[in-house]
Every structure is written in C-alpha cells, then in structure tokens.
Amino acid sequence: MAKQDDARDDRPIVLRLNQITKSFGKLIANDAVSLSLRRGEVIALLGENGAGKTTLMNILFGQYTADSGSVEVFAQTMPPGNPRAALDAGVGMVHQHFTLADHMTVLENVTLGTHSLWKTSLDKVKTRAKIIRLADEFHLQVDPDAIVGTLTVGERQRVEILKALYRDARILILDEPTAVLTPQETDDLFQTLREAVDLGLSIIFISHKLHEVMAISDRVLILRHGKLVAQERTRDVDKHQLAALMVGSEVTAPKVAPATPGPALMSLARVSTPDQGNAPGLKDLTLDLRAGQITGLAGVSGNGQAALADLIGGLIQPDTGTLTLKDTPHPNWTPREAVHSGVGRIPEDRHKTGTIAEFDLTENAILETYRDAPFSRRGWMNWGRAEAFTREVIDTYDVRCPGPGTRIRLLSGGNMQKLILGRVLESGPQIILANQPVRGLDIGAVNYVHSRLLDARDKGAAVLLISEDLDEIMALSDVIHVISEGRLSPEFPRGTMTPAELGVWMAGHGFDAEQAHAS
Amino acid sequence: MRLEPIANPTVARSTLLPTAAIATTVVIASLLAMVAGANPFLVLGEIIKGAAGSKFALLETLNRATPLIFTGLAVAVAFRAKLWNIGAEAQLYAGALVTVVLGTGALGLPSWMLLPTLAVLAMLAGAVVLLIPALLKVRFGVDEVVTTLLFNFIFLLFISMLLEGPLKDPMGMGWPKSARLIPEARLPRIFDGLRLHWGFGLALIAACVVWVIERRTTLGYEMRAVGLNREAAQFAGIPVNAVLIKTALLSGGLAALAGFSEASGLKGNLTLDLSPGFGYTGIIVAMLALLNPLAVVAAALFVAGIFVGADSMSRAVGVPTYLADIMLATALLLMVLAIMLTRFRIVRE
Amino acid sequence: MDLIDILLSASFWTAAIRIASPLIFATLGELICERAGVLNLGIEGIMVAGAFAGWMGAYSGLGLWGGVCVAMAVGMMFGLIHSLLTVPFGLSQHVVGLGVTLLATSMTYYAYRLALPEVTSPPKIDAFQPFEIPLLSDIPLIGPALFSQTPLTYLAFTLVGVVWVVLYRTPLGLALRAAGENPAAVAAQGLSVTGIRMGAVIIGSGLMAVGGAFLTMSAFDSFFFEMVNGRGWICIALVVFGAWKPGKALLGAILFAAFDALQIRIQQSPLGADIPYQVFLMMPYFLSILALIVMSRRAEVPAALMVPFNKGER
C-alpha cells in the first residue's frame, strides 16, 4: 500500500539508507534497515528506547561505521566513518542532548566548525548578518551575542536548528525534539518545521510521542529491535495501530482498581527552594501524599521536578515552608533521615545516582542501609548478612544476574532497576518517591515496575510518581498535579482531566488564576 | 579509534598486559643504559644483585621499603576516595618533627610508653597537615592537588627554619640538624644483629589494618563508594564531606608514620634529607599496587629494590642512579595504561 | 628603606618582570591545555626538562635561539606522551601528569649526569642579554621595567597577545575552547576532539619548556638541580587565579612576581633581618594557595576540564 504511494510521488529522493546493518557484539542494533526521504517531506522515525534509532543516525553521520549497507545523500554515496561528509552534503542534526557550549555565545556556537581551522579570522560581521537573516526567515528569534548558558531550553533548541540552517542544511534530523518543550514551544517548533518544508527542506523526526508524530509527519517508519517493521502513510494509520506496531503487541493500559486513600503521610506546606542554574526551584508549593494513593506529577521536564524529588529525597532543604511526616515536622531532612523515616526513593538516573557501577550487587543493595543492623554493627560490616539480603532481593524481584558478586554495570537497565526496586521496597516504605521509574526500560520491565508500584499502593503506601510521560501518569495516578516553573496545580482526581486540559496547565496557564483564587 | 568496555576480561588479558608493561620498562631501561655506554645485562644484573643479592642488600631494601609502605598506604587510602593527596611528603615531615620535638628528652617516659605516644602524636600531626587542604576542598572547592603540592614546599621550608633555629643541634657543628633522639625513643631492631628496625613490622601491621578498614568497616565501604561515584553516595545518604575528612585524617596519619619510623627507627634525628621524596614515590607505590593495601607492601619492596639496586649498580658500573627514577616513572605510566587496556578494548571506527 | 621607595624603584619592577617571564610562558602553556579540557600536571617536570634542554642546546653550540627551539621540542615530546595517555586513552590526568613530571625530571637529571659526569659546578653559557628598546626604554619606571629586558621576556609578553588572538579571534581557538567546554559539540561538527586536545597539550607543553629555559638562559646562565622549585605548581594556581583568561593570567603572574621581588627586597633590608629567610621563601606558596581560595567561588572553570571524551559514549 505505502509502496504504491511512493511510486506515485515524483518528488526527488534526497536521502537514501540502503540495507544498513550494525551490531555491537551480540546485539544487533540495526538489521538491514532501508529508508528514503523525498524533498519537502517529513518522515517520522518511531520506536522504543533501544530500538536502534540513535545508532542509525550515528551511522548516517559517520560517527559509527555500518557493518554493511550504504548511505546516499543527494544521490552521492557517503564515505563510511567520515563525520564531515554528511554535514558537507547538507544534512543537519538537532541532537536530543544539545551539543552546545554553555559558556560561549550563540554566535560562537553557530560558527564552530564552519571555517577551516587554519583561517585567521572568524568573520563575525558576516556571520551575525546571516544568523539574523535565517532567524527572521524561519522565525527562530534569538540574540546572537547571548551566552548560551543563559538561554531557556526552547531557545537553545532554536540555536541548534540555526546551527544546521547556517550550514545550509537541506535535510534536518531532529532527535526527540519535543521532550524538553512545553506544548506552546512544541507548536512554535512545528511552525518552524512547516516553514522549512515549504522552503524545500526535508525532515526526519525521531520520536516516541504518537500524537506529535501524527501531527507533523507525512510518513511513519517504525523500528523495533533494530528492524524496520512497518512503513505507513501517516494519514492511513491511527495512534493505536502505531503503538501496537511500536511495541509489537497491542498495548494494554494496566488495570487499576480504585484507590482507598488514607491520611496524608507526608505533607509539604508552602515550601520554596532556590533555583539551580536553569532549573527552577519550588515556588510556595503545598502537597499532601496520602496513604494508599498514587499521586502523579505531570509536567514538562525541567520545571521543578528535580527540586521536588531532591527535597523529598533529603538532598536539599527548603528555604521556607515545612516538610511534615504524619504531623511531625522534619527541619533537618537528609537522605539518611528520609530512608529511616520510611521514604523509599527510586532515583531518576539509575546509572549516575541510583547505583555505583563498579560495586557488585551486594554493595549496591545496601547502599542506603549499610549503617544499620544487621548489615553493620559499631562500624563493622557484616557481609554475610548483606549477601543474604541481596540474594533475597534477587529472588523476590526477579533480578537476572550471575549472582550477588556481579558488578552492577554488567546488568541490563531493567535488572538494575529491579535491584533498586528491591532495595527500596524490601524495607516496606510508607512513602515512595518514584522518579521516572521506567525511563529507558523495555515493555516487560515497565509492566513489572508499574505492577510493583500498584502493589505498594494497595498495601497502603503513599506513592509520588514523577514522569514526563503523560500517558504513564494518566494510567497509574489516582490524583494528578501539574508542575510548571516550580509551581503546583491543584489536585485533579483520576478521570477528571483530558490530556489537552492538563497540557494547558503544563504550559503554565491557570496558576495565576489559582493564586488569585487562593488569596 | 574508540574504547569499548570489556564485560569480563580474560585471565590472559589481565596478566599479560601488566607483564608487558614491566617488560617494556625493562627494555627502555636497557636502552638508556646503552646510551650511557654500559652493557644493559650487566646493569640489570647489578640492580638485582644490589637489591637482593646478599643479606645486607636485602635488609637495605627492606629498610628502604618501610617508609614507602607507609606513604604508599597513605596515597592508596586517599586515592581510593578520590582525595588527591600529593602531600605525603609534608605529612611525613610533620610526623618526624613531632618525633624529634618530643623524643629528644621532652617526654621522659619508658620506652614502652614513649614509642606508642610518639607514634600516635606523629599521626595526629600528619592528619592535621592534610586536614587543611581537605577542609579547603570541602569548604571552598579548592583543588587539593595543587594545595597539597604547595604545602610540601611550605612544610619543608618550615622544617628548614626550625632546624636552623629552635631545633638546631648545638653539637651539630653548624649543620642544620636536630639533636639525637633519646634511646627510649628509638624503635628497636627486630632481630639482634640485623639492621632492620620495628618500623618495618609496624608498616606490615599498618597494611593489614588498612586492608581490614577498607574491606570490613563501614568507613571503608563509604570511602570506596565516595571514590567511585560521589553523586550516588550522596544520594544514598553517605556523608560525603565527612568521609573525605576522615579519609584525609587516616591518610595524613599513615604518611606521618613514615616520618616517625624513619626518625625513630633509622636516622635517630631530623635532617632536611630525611626523605628523598618518599612522599612522591608513595604515589608510584600506590598506583603499582592498584590501591590495594596488601599489594602496597609488594609494590614498596619492588620500588625500594630498584632504588637500592640502582645505587649499588651506579657505584659498580657508573650509570647514573636516576635510571631508577626513570624506570619507576615509565612503569607507572605503562602500568596505568595496561590496567586500562585490560578493561577496555580499542575499536577502530 | 621604605616600602614606597621599593615600589617606585625601577630596579624593583625590572626584577618583577624578570621573575614573571618564565611564569608567563608556563602559565600560558597550562592555560592552553586546560582550555582544551586537559589538566597538565606534567608542567613542573616539563619546565625542568626545558631548562636543561635549552641550556644544553646553547652550550653545545646551537646558539641561544637554537637552545630555545630544543627546549620547545623537548617540551612538545613530553606533551605528546601526556596527551597520548590522557586524550585517546582517557587515563587519569592526575596520575599521568605526575608520572610525566617524574619522567621528565628523572630523564633530565639522567641526561645531565651523562653529559657532564665529572663537573662539580655546571658550566655557564652566554645567556640572553637585556636589549634596550630605543626611546621606550627611556620612559621613567616603565622603560627600565618593560623595555630593558631580554628578548625572551619580550617574547613572553608577545605570546600573551598571540594566545589571546588565537583563542578568541580564530576558528582554531573557537574549536579549542569548545573542546574544553563541550567536546560533543566539537565532534558533532565533524572535528576531531582528540586532535584538538592533543595539539593543545603538545603546544602548551612546548611553552612550559620555554618557561623552564628562561631560567637557565635568561634569568641565570647555568643549570642547577631543583631550580624550577615548584614554579610549575604555582603556574597552575595562576591559571585558576587568571580565570583561564590570558590577560588576567598575565596580570596574576606580574602581581605574583612583584610580591616575590618585594619579599626578596624586604629580606635584604634591615626590616627582614630578624625574620628567618624561610618565612619569605614560603610567601609565594602561601600566596598561591590564597589565590586559589579567593578565586574558587568565582572562577569559570572550563566545563569539560578533566572529562575524557570517548566517541560514541553517552
């Protein structure tokens, strides 16, 4: 079906990937992937984490060399392993993690790499003129002399797009571009992209957000486990079909029984925390976490979620306001006190903060409790007890590993997360902070983590679920709050809000009215 | 070129590569010996003979290894927690200073009380010397590499000032040296008639104690966690700054024991050449031992052997003793490279 | 003698600029390395090697400038070793730096002993002589201080400008700074982070060696053991003090040298008679530590300093 449409399309093909295969050891990251992109076309590359999207783009950009297959840009075959070739041929990429130098100006960032290194001047006047012209043409307003570190995330993305356009890119690749944007900024981005397409550019849009793929793309390509499993015209499919194709089976939202909420186990009363660089702190935030209830925290990333997680986890102290556990205020709240008061914490980044890569499973399993009996007494470790505990966690939480003496860096993300889950849940915490608990996990591990969190809720724990994935929040949460710029929305019970309505709050609207109402 | 982690390095890989590092060091030393116009086999033979060829040579090596075990342990402990203590030299002199200040008659105690008192106070002094850079690091974020290095220079000048001032031996014929320790303040020999003092025994005990601390105590666990991943340690509730301060106290104390042992066991007084850079050499010892406290003993013996051997080789063949330093520097650089290559493979991209 | 008198005397400032010169070379060298993201603790040993190589080069008849070139080449060789281990292999910059210092120092002493086995006091060379720049050197105070120095001092000051222009006004400098801020940004443009960082360390190490050569070829005329005496470590403090900017680093070096010159003078004056000379000798080191503490809060450290870059790693 799609093939026939292709045949009728007479726009010239600008980019073609032929039978790209790439493996890392036993893992086949790309398995004979072919795709073509036409002039003025937007294609979406859809797939779960680890489906092979990033590897494919790294091959296109010569960062990796494919085991077999070829890349053609404007009918010209790219030499493998040469990072400059694709850039010079007119392909520009906006990475998910911006490749910008924060201490340098927009102009310097845009200029980087555009001159021969041995030229004696930077031609700042010409460069500035061109940046301003492009910014006008594509509605990408940004001050060329601003220091990148002072810009908002949305502005930084504009700088990344400007970088590509400045290099006369005719093909733009955007890797998860909306993950860091508010719905409004996303609309602006889509506006810019549509203008680019009208001017004859072609776009590859990498995402796992279905509604965005539906909104912007002409064609959808779906990668699963390194294979291109489907290729459809966007108008011929709906979101459910795409979701099914992406994960390989019909997605089923977990069945959640109604909650029976109890008293508030943790209360934050009018807390504020300082801003951390670009990340806003909390602004006069009040929140109750009730027993037997999952509280979902929705919001665009970088709107105070980190501050809230750090506060509850004991890593930062509030400037003003109080943190109360069952009517007991805790003025000197530390990670250790949090653990001892029955707060279980699943950290956002399991590699950087959740585990110590070079420690074995046992050493990681007792990371929060090593100072307590039976793991240690009067400063002496009892490794026997620690190992027994770890074996228990391995069995109970189905951690697939050679044994408790294995270094944790050798485990897959899912098994790593299961160990953390065991570490947190085994002590029977009353309050659970789950910060992005399923990010980057495969669907099996996702379901496992979710069901464990629901179990904990049913046993009476108060769960705070922080996620950037609105679908996850809406599926699991009994009540939802939205956070924006460090401010918290009122509580919305399950089923009272549509995604669009929540999106309005996520964009920062409604808070002022709320404040006016409160005072 | 790219580095790719190896999940489970083979035994061959993790033995062959370090062996190759040592072999390359020997080759480089041979070439340098040839540059000096000497027969490399003769030079290497003389080094081995000088280090372990006789009872006297062996005892000399053991004596030279003693302070290196202490400074090697000091560095290993600190580096384990990623506290870059390059100031073992200053801490060593702090220990020696306390020993001569209190051991030349100021404390009139019997030997069995005086020696432990001196050792403990020396450790305290060394701990305090490292405490300052550690506090600067924790409090202001000042890089401890530079501060500990600069403290070495400051402390040596301080010692020099004291040796030309209040500590100057009136009987020293004008030389800048301290008075001699009273007999009660001298570490006895382990065996009668053999020139090996109890400082060596103390060093072996220290190595075992540090091993036990690292493997069997909460402090050791905390130190390793902080060194491997500070962010995760912080998140888990390990008091990172307190751990760094405790590590500094332990490390400084161990380095100071080297000074105590040299002054009380070997020299009997304090001079400006008490340590020919034992503090710096401790870094090599610790790195060659991969920061493992028990392996520090072996590494210190190896390093001491090369130094002692090179001294006697130089007397016999005339090749400058600095060959020993070159060998150790080369061994250090090649060893860190070899260890890395056991865990990563080079992939061409 | 009054403090004001000292500070207003031309000879004081002449001495200060002379003391500052080797520090300027080495500080610029370290600054280039650190701006590209590599801490070079080999500096102390590379200065020793440069001091010996330059002096030896001149002594063996290559001429003074020939000696400077030899020093530069030797420094670059140690820079190559350092950068090979720290950049593509990503080894600990602390450990490698100290290893390189040890290697350079011991190889220097070894070479010295081989070259001059019998001498008790090392031979002297005809060192660089002060060159009075016409007219400018007649300006009171500034003239003697700035314009009656040896050619190497003029070179040091010129290099400050050159390094500034390269860093801030050329594509190469832009790429170098970006490699120290966010190497991924450099790699994304198809530029080689490895190449840029290695190049920076090699050139920087060359400058450190010339800083060492200044000691044997301009400040003195002979080579002694321990003559670098911690100057390398002080330069690392000066880079921090100068907030990784060439101009501020120059200012820091002069300020530091002025203090050093001042302590020498006070030491020689009746004022210093009762104070042990060691107290004065400690001052530069204390000053460096103080500078580190003062600047610790404000300094804009290159974001990727000491962060190895491995392509394809996230």
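Looking at A:GLY495, A:GLY422, A:GLY486, A:GLY414, can you tell me which residue is over 22 Å from A:HIS208 (Cα atoms), outside the structural domain of A:ALA298 (by TED's automatic domain parsing) and modelled with pLDDT of 85 or more?
Only one candidate passes the filter, namely A:GLY422.
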Checklist entry - Any chance the range A:358-365 includes a residue that's in a strand (DSSP E or B) and free of Cβ contacts under 8 Å to residues at least 60 places away in the same chain? => result yes
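Yes or no, residue by residue, for (1) assigned to a helix (DSSP H, G or I); (2) of a type outside the set (D, E, K, R); (3) within 19 Å of the chain's Cα centre (by Cα):
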{"position": "A:ASP143", "(1), (2), (3)": "no, no, no"}
{"position": "A:GLY154", "(1), (2), (3)": "yes, yes, yes"}
{"position": "A:ILE161", "(1), (2), (3)": "yes, yes, no"}
{"position": "A:ALA179", "(1), (2), (3)": "no, yes, yes"}
{"position": "A:LEU189", "(1), (2), (3)": "yes, yes, yes"}
Checklist entry - So which residues in the range C:73-128 are crowded, with 22+ Cβ neighbours inside 10 Å and within 7 Å of chain B (Cβ to nearest Cβ), if there are any at all? => result C:LEU85, C:VAL95, C:VAL96, C:LEU98, C:GLY99, C:LEU102, C:LEU103, C:SER106, C:MET107
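Could you tell me which of the residues A:THR77, A:THR55, A:THR21, A:THR99 is under 30 Å from C:ARG35 (Cβ atoms), at pLDDT 85 or above and of a type in the set (Val, Ile, Thr)? Break it down stepwise before answering.
Working: A:THR77 fails: under 30 Å from C:ARG35 (Cβ atoms); A:THR55 fails: under 30 Å from C:ARG35 (Cβ atoms); A:THR21 fails: under 30 Å from C:ARG35 (Cβ atoms).
Step by step, each of A:THR77, A:THR55, A:THR21, A:THR99 is checked, and only A:THR99 is under 30 Å from C:ARG35 (Cβ atoms), at pLDDT 85 or above and of a type in the set (Val, Ile, Thr).
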Next on the checklist: Taking the conditions exactly as written (farther than 22 Å from B:GLY279 by Cβ and either away from chain A (no Cβ under 14 Å) or touching a Pro at 6+ places or on another chain (Cβ under 7 Å) (or both)), does B:LEU196 satisfy them or not?
Outcome noted: yes
Checklist outcome for this item: Considering only helices (runs of 4 or more DSSP H) wholly within the range C:53-148, the ones with at least 1 residues that are modelled with pLDDT of 95 or more are C:64-86, C:93-115
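Among the candidates C:PHE224, C:PHE214, C:PHE256, C:PHE241, single out the residue that is of a type outside the set (S, T, N, Q), under 24 Å from C:ALA53 (Cβ atoms) and at pLDDT below 95. First the steps, then the outcome.
Details: C:PHE214 fails: at pLDDT below 95; C:PHE256 fails: under 24 Å from C:ALA53 (Cβ atoms); C:PHE241 fails: under 24 Å from C:ALA53 (Cβ atoms).
That would be C:PHE224, the only listed residue that is of a type outside the set (S, T, N, Q), under 24 Å from C:ALA53 (Cβ atoms) and at pLDDT below 95.
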Checklist entry - What are the residues in the range C:157-213 that are farther than 18 Å from A:VAL148 by Cα and polar (S, T, N, Q), if any? => result C:THR158, C:THR170, C:SER192, C:THR194, C:SER205
Checklist outcome for this item: So, first residue closer than 18 Å to B:LEU249 by Cβ in the range B:213-230, second residue among the acidic types (Asp, Glu) and buried (at least 19 other Cβ atoms within 10 Å of the Cβ), Cβ within less than 6 Å, six or more apart or across chains; the pairs are B:GLY220/B:GLU214
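Residues in the range B:336-348: is at least one assigned to a helix (DSSP H, G or I), at negative phi, surrounded by fewer than 22 Cβ atoms within 10 Å (Cβ to Cβ) and in contact with a strand residue (DSSP E or B) (Cβ under 7 Å, 6 or more places away or on another chain)? Let's see the steps before the verdict.
Restricting attention to the range B:336-348, the residues satisfying the condition of being assigned to a helix (DSSP H, G or I) are B:336-343.
Next, from what is left, pick out any that are at negative phi: B:336-343.
In the following step, the residues that additionally are surrounded by fewer than 22 Cβ atoms within 10 Å (Cβ to Cβ) were identified as B:336-343.
In the following step, the residues that additionally are in contact with a strand residue (DSSP E or B) (Cβ under 7 Å, 6 or more places away or on another chain) were identified as B:343.
Within the range B:336-348 (the criterion being assigned to a helix (DSSP H, G or I), at negative phi, surrounded by fewer than 22 Cβ atoms within 10 Å (Cβ to Cβ) and in contact with a strand residue (DSSP E or B) (Cβ under 7 Å, 6 or more places away or on another chain)), the answer is yes, since at least one residue qualifies.
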Item to check | Odd one out for A:ASN447, checked against (1) at pLDDT below 85; (2) over 27 Å from A:THR324 (Cβ atoms) | outcome: (1)
Item to check | Residues that are closer than 22 Å to C:LEU39 by Cβ and crowded, with 21+ Cβ neighbours inside 10 Å, drawn from the range B:99-142 | outcome: B:LEU130, B:PRO133, B:ALA134, B:LYS137, B:VAL142
Next on the checklist: For the range A:87-95, check the following and say yes or no: at least one residue is within 11 Å of chain C (Cβ to nearest Cβ), in contact (Cβ under 8 Å) with a residue 12 or more places away in the chain and surrounded by fewer than 18 Cβ atoms within 10 Å (Cβ to Cβ).
Outcome noted: no
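Is the range A:84-93 home to any residue that is closer than 30 Å to A:ASP145 by Cβ and assigned to a loop (DSSP other than H, G, I, E, B)? Even if it seems obvious, please write down each step before you answer.
Of the range A:84-93, the ones closer than 30 Å to A:ASP145 by Cβ are A:84, A:86-88, A:90-93.
Cutting the leftovers down to assigned to a loop (DSSP other than H, G, I, E, B) gives us A:90.
Yes, the conditions are met somewhere in the range A:84-93.
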Next on the checklist: Based on this model, can you work out whether B:VAL145 counts as assigned to a helix (DSSP H, G or I) and either over 13 Å from B:LEU254 (Cβ atoms) or within 13 Å of chain C (Cβ to nearest Cβ) (or both)?
Outcome noted: yes
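Return the residues of the range B:261-304 that are over 14 Å from the mean Cα position of the chain (by Cα) and either of a type outside the set (Val, Ile, Thr) or in a loop (DSSP other than H, G, I, E, B) (or both); say none if nothing qualifies. Working first, answer last.
If we filter the range B:261-304 for residues that are over 14 Å from the mean Cα position of the chain (by Cα), which is where we start, we get B:263-273.
Passing the criteria: B:ALA263, B:SER264, B:GLY265, B:LEU266, B:LYS267, B:GLY268, B:ASN269, B:LEU270, B:LEU272, B:ASP273.
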Checklist entry - Name the residues in the range C:267-293 that are facing another protein chain (nearest Cβ under 9 Å), in contact (Cβ under 8 Å) with a residue 40 or more places away in the chain and either out of contact with any Asp or Glu (no Cβ under 8 Å at 6 or more places or on another chain) or surrounded by fewer than 18 Cβ atoms within 10 Å (Cβ to Cβ) (or both), would you? => result C:TYR285, C:SER288, C:ILE289
Item to check | Candidate set: the range A:370-406, residues that are surrounded by fewer than 19 Cβ atoms within 10 Å (Cβ to Cβ) and among the basic types (Lys, Arg); chosen: the one modelled with the lowest pLDDT | outcome: A:ARG400
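Which residues, taken from the range A:397-431, are within 27 Å of the chain's Cα centre (by Cα) and in a loop (DSSP other than H, G, I, E, B)? Working first, answer last.
Going through the range A:397-431, the residues within 27 Å of the chain's Cα centre (by Cα) turn out to be A:397-401, A:407-425, A:429, A:431.
Passing the criteria: A:TYR397, A:ASP398, A:VAL399, A:ARG400, A:CYS401, A:LEU411, A:SER412, A:PRO429.
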Next on the checklist: Filter the range B:87-142 down to the residues that are in contact with a Lys or Arg (Cβ under 9 Å, 6 or more places away or on another chain) and hydroxyl-bearing (Ser, Thr, Tyr) and list them by number.
Outcome noted: B:THR104, B:SER111
Checklist outcome for this item: Given the conditions (1) of a type in the set (S, T, N, Q); (2) touching a helix residue (DSSP H, G or I) at 6+ places or on another chain (Cβ under 8 Å); (3) touching a residue at least 60 places away in the same chain (Cβ under 8 Å); (4) not in a helix (DSSP H, G or I), every one holds for C:ASN310 apart from (2)
Next on the checklist: Just to be sure I understand, how many residues within the range C:190-215 are within 10 Å of chain A (Cβ to nearest Cβ) and touching a helix residue (DSSP H, G or I) at 6+ places or on another chain (Cβ under 7 Å)?
Outcome noted: 3
Checklist entry - Does A:ARG439 qualify as being among the basic types (Lys, Arg) and either surrounded by fewer than 21 Cβ atoms within 10 Å (Cβ to Cβ) or outside any helix (DSSP H, G or I) (or both)? => result yes
Checklist entry - Does at least one position in the range B:162-185 carry a residue that is in contact with a strand residue (DSSP E or B) (Cβ under 9 Å, 6 or more places away or on another chain), surrounded by 19 or more Cβ atoms within 10 Å (Cβ to Cβ) and assigned to a loop (DSSP other than H, G, I, E, B)? => result yes
Checklist entry - Mind checking whether some residue in the range C:141-148 is surrounded by fewer than 16 Cβ atoms within 10 Å (Cβ to Cβ) and not polar (S, T, N, Q)? => result yes
Checklist entry - Is one or more of the residues making up the range A:459-467 among the polar types (S, T, N, Q), more than 18 Å from the chain's Cα centre (by Cα) and outside the structural domain of A:THR362 (by TED's automatic domain parsing)? => result no
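The values are calculated or read from the model by the stated rules, or taken from the named source; none is laboratory data. Just so we're clear, the structure is a prediction, and the values are computed from it rather than from any experiment. Don't worry about glycine lacking a Cβ; one is built from the backbone with ideal geometry, like all the others, and counts go over all protein chains shown.
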